[in-house]
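A.B. asks: Sharing a structure here in structure tokens format.
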Amino acid sequence: MYIWKKIKITNFSAPGFARSDKMQYYNYDKEECDFTSLFEALFSTKNLDTISEMYDVKYERFNIPGRDSETLYHKIFYDKMRSGWPEFISTYEKFIVKNIFPLLRNPSKLIVQKWPSFRIHLPGNLAVAGFHRDCDYNHPEKEINFISPITKRYESNSTIIEQNIGKLDFEQITAEPGQFIRFNGNKLLHGNLPNTTGKSRISFDFRVLRKEDYDASHNKTSLSKNSKFLIGHYYKILKREWIMQITISFVQCMVKV
């Protein structure tokens, strides 16, 4: 489903932009959580925004949910995750503890998406097939969405997000590595348009739940991968002290060396 005539897009690029219960931008230390280097090593290139030129593979316009996550690039990412990628997992979890926990008033634990969702917006294509709300795809109601760009998000290679439920008052994400975005993807319509920038956009996104919002009886599954929205399946428990202890132990080992 495409929304062409009705969408009204506003650009907000200021990293300090924030409004209650709407799309919010934040900065993080991209040297401490160096996702860019991890993705550059994964795809063997320093030019991630021209990654489509490295591989002799073309895709028809994605128009069915699930097909958009079956590219060669997704296979490379998820094969690496399945084979074991501790450097990424530790960076991902440290990022959540250092940045997401404080936003949610530093709870002792959060229910977090075990593996983030990899996204690539190829030139001439879509990153996700169709505008949607996450509740349309069976996600639990109280999830909080976060997006982290690995390459610059701008113009038509970005995501556009409704700001008030049912109003179609879209705002376009303009962001770069070192920023992340929070929004209510469960209720706000979001999606993207065909990428006419000539550059690929790579990012990942993930969802978290507060402990009190987790529903162990939620028996619906994701539409694309048929994953159960339960701890041990789609989610895992992340405790703040686990990561802090790992960080302290790592520093102690470095001092001893």
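A.B. asks: Between F39, F95, which is within 30 Å of D213 (Cα to Cα), among the hydrophobic types (A, V, I, L, M, F, W, C) and either in contact (Cβ under 8 Å) with a residue 24 or more places away in the chain or assigned to a loop (DSSP other than H, G, I, E, B) (or both)? Walk me through how you get there before you give the answer.
C.D. replies: Values: F39 fails: within 30 Å of D213 (Cα to Cα).
Criteria check complete, one pass: F95.
A.B. asks: Another question, if that's okay. Within region 135-142, does at least one residue satisfy the condition of being closer than 29 Å to L42 by Cα and either without any contact (Cβ under 8 Å) to a residue 40 or more places away in the chain or in contact with a strand residue (DSSP E or B) (Cβ under 6 Å, 6 or more places away or on another chain) (or both)?
C.D. replies: No: region 135-142 contains no residue that is closer than 29 Å to L42 by Cα and either without any contact (Cβ under 8 Å) to a residue 40 or more places away in the chain or in contact with a strand residue (DSSP E or B) (Cβ under 6 Å, 6 or more places away or on another chain) (or both).
A.B. asks: A further question follows. Would you be able to tell me the number of residues in region 211-237 that are within 22 Å of the chain's Cα centre (by Cα), within 28 Å of A127 (Cα to Cα) and at pLDDT 90 or above?
C.D. replies: Final tally of qualifying residues: 12.
A.B. asks: Could you list, in sequence order, all residues of region 181-213 that are among the aromatic types (F, W, Y) and over 24 Å from L72 (Cα atoms)? Reasoning before the result, please.
C.D. replies: Looking only at region 181-213, we keep the residues that are among the aromatic types (F, W, Y), and these are 183, 204, 206.
Result: F183, single match.
A.B. asks: Which condition from (1) of a type outside the set (D, E); (2) free of Cβ contacts under 8 Å to residues at least 60 places away in the same chain; (3) buried (at least 19 other Cβ atoms within 10 Å of the Cβ); (4) in contact with a Lys or Arg (Cβ under 6 Å, 6 or more places away or on another chain) is the one that N145 breaks?
C.D. replies: Condition not satisfied by N145: (2).
A.B. asks: Select from region 161-185 the residues that are surrounded by fewer than 21 Cβ atoms within 10 Å (Cβ to Cβ) and among the β-branched types (V, I, T) and write down the one among them that is nearest to the chain's Cα centre (by Cα).
C.D. replies: T174
The values are calculated or read from the model by the stated rules, or taken from the named source; none is laboratory data. These numbers come from a predicted model, not from an experiment. Neighbour counts run over all protein chains shown; Cβ positions are idealised from the backbone, glycine included.
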